[in-house]
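One structure is given here, and the rest of the page talks about it.
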Amino acid sequence: MKLKILMAATVAAASCIGMSAKGLPEEKDMAAYLMVYFLDSDHSLHYAISDDGYTFTALNDNKSVISGDSIAEQRGIRDPHIFRGPDGAFYIAMTDLHIFGQRDGLRESHWERSDEYGWGNNRGLVLMKSDDLIDWSHSIVRLDKLFPEEYGEIGCAWAPEVTYDPEAGKMMVYFTLRTRGERLEGGKPEEKKTRLFYAYTDPDFTTFTSKPELLFTYPDPNIQVLDADIMRTPDGRYVMTYCAQENPGGIKMAVSDKINGGYEYRPEWIDAEPGACEAPTVWKRIGEDKWVLMYDVFSINPHNFGFVETSDFKTFTPLGHFNDGVMKTTNFSSPKHGAVVHITKAEADRLKTHWK
């Protein structure tokens, strides 16, 4: 499936013209930040752009740039993540799930399947790839169909993120997974647990070519973990931030020398919230040795994004929330589960021109 530029209501509109042919741009070529996120009101993909990494403005007047009902089996997406690959192309992965499907007349039941499969109980992820962020390849990955023996009774597949494994030479998707009937140790049958898994994709980013494997094991098997984000630090190690659903749930960090496992648990909390938060993502400030951890604070009303900043991944300075500190929005509020990628000035200009 191709999403064409003429489909203005349902098209993503970033640009990296000819980037694959020219090679991967370096940090010195970057001039702006592109944020992807979704809204509960439409379960669709949204974009916001920032020239300085502090103030973000939603494109398309905060209307969706790709409509969830055009790309997802459940006619809604959640948890978008964007990544620029070593080929210069952009990759987006999303959860195929609409949590208000019954309310919005999209299905007769509360969830796609019975409640025994747990909250959400979706079976698919949405993968998209583009060289110019105008024409998109688009695929739905159904884990129960790809791997019926292992995951025919999948409970959920959530919050996929994309990275590149330099040792394997492949694109890697890592995500939250739960199977039906899997319970917490000593818990009731209805108490399911989520864990973090990874799988490799084909070069066209249309399907998984490997069975999902466990990415990380939390010391306490009764604690659910979800929403991982992996980045490489200047010293060559991999930092994985994730949500540990303790009481309250929040953001922790694990470190490894390899991207697909061996992560060492660290007990410290690194978010700055008194209540629960989830969906961490880390991005670097262009031209500075500073990294921002952004996360979704769902325990406040209205919900918002929270931020902390670090230069060493040991100490984290709170930056507050959007519009309650140095981080600002100009024309949108209550974004959910976002991610940020660097873009060049040409890409930023084209975004602004196309989406006014």
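The values are calculated or read from the model by the stated rules, or taken from the named source; none is laboratory data. Not measured: the values here are computed from a predicted model. Here the Cβ is made from the backbone with ideal geometry for all residues, glycine too, and neighbour counts use every protein chain on show.
Out of the range 143-154, which residues are out of contact with any helix residue (DSSP H, G or I) (no Cβ under 8 Å at 6 or more places or on another chain) and touching a residue at least 24 places away in the same chain (Cβ under 8 Å)?
Residues satisfying the conditions are Leu146, Phe147, Glu150.
From the list Ile92, Ile66, which one is of a type in the set (A, V, I, L, M), closer than 20 Å to Val141 by Cα, in contact with a Pro (Cβ under 7 Å, 6 or more places away or on another chain) and touching a residue at least 60 places away in the same chain (Cβ under 8 Å)?
Ile92
Working carefully through the options Thr353, Thr315, find the one that is outside any loop (DSSP other than H, G, I, E, B), free of Cβ contacts under 8 Å to residues at least 12 places away in the same chain, out of contact with any Lys or Arg (no Cβ under 6 Å at 6 or more places or on another chain) and surrounded by fewer than 22 Cβ atoms within 10 Å (Cβ to Cβ).
Only one candidate passes the filter, namely Thr353.
Within the range 94-117, is there a residue that is buried (at least 19 other Cβ atoms within 10 Å of the Cβ), within 16 Å of Val340 (Cα to Cα) and either of a type in the set (Asp, Glu) or under 18 Å from the mean Cα position of the chain (by Cα) (or both)?
For the range 94-117, residues buried (at least 19 other Cβ atoms within 10 Å of the Cβ), within 16 Å of Val340 (Cα to Cα) and either of a type in the set (Asp, Glu) or under 18 Å from the mean Cα position of the chain (by Cα) (or both): present.
Would you confirm, using the coordinates I've provided, whether Gly155 is in a strand (DSSP E or B), in contact with a strand residue (DSSP E or B) (Cβ under 7 Å, 6 or more places away or on another chain) and modelled with pLDDT under 95?
Yes, satisfied.
Conditions (1) at pLDDT 95 or above; (2) crowded, with 21+ Cβ neighbours inside 10 Å; (3) assigned to a strand (DSSP E or B), marked per residue:
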| site | (1), (2), (3) |
| --- | --- |
| Phe307 | yes, yes, yes |
| Gly320 | yes, no, yes |
| Ser333 | yes, no, no |
| His337 | yes, yes, yes |
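Every residue, every condition in (1) out of contact with any Phe, Trp or Tyr (no Cβ under 8 Å at 6 or more places or on another chain); (2) of a type in the set (Lys, Arg), yes or no:
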site: Ser299; (1), (2): yes, no
site: Thr315; (1), (2): yes, no
site: Leu319; (1), (2): no, no
site: Phe322; (1), (2): no, no
site: Lys336; (1), (2): no, yes
site: Val341; (1), (2): no, no
site: Lys345; (1), (2): yes, yes
site: Arg350; (1), (2): yes, yes
site: His354; (1), (2): yes, no
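Is it true that Asn247 is on the phi < 0 side of the Ramachandran plot, out of contact with any Pro (no Cβ under 9 Å at 6 or more places or on another chain) and at pLDDT below 95?
Considered against the rule, which asks whether it is on the phi < 0 side of the Ramachandran plot, out of contact with any Pro (no Cβ under 9 Å at 6 or more places or on another chain) and at pLDDT below 95, Asn247 comes out as yes.
Collect the residues in the range 128-173 that are under 15 Å from the mean Cα position of the chain (by Cα) and over 20 Å from Val340 (Cβ atoms), keeping them in residue-number order.
Scanning the range 128-173 gives a single hit, Ala157.
Conditions first: (1) farther than 23 Å from Pro219 by Cβ; (2) assigned to a loop (DSSP other than H, G, I, E, B). Val292 passes all but one, so which condition is the exception?
(2)
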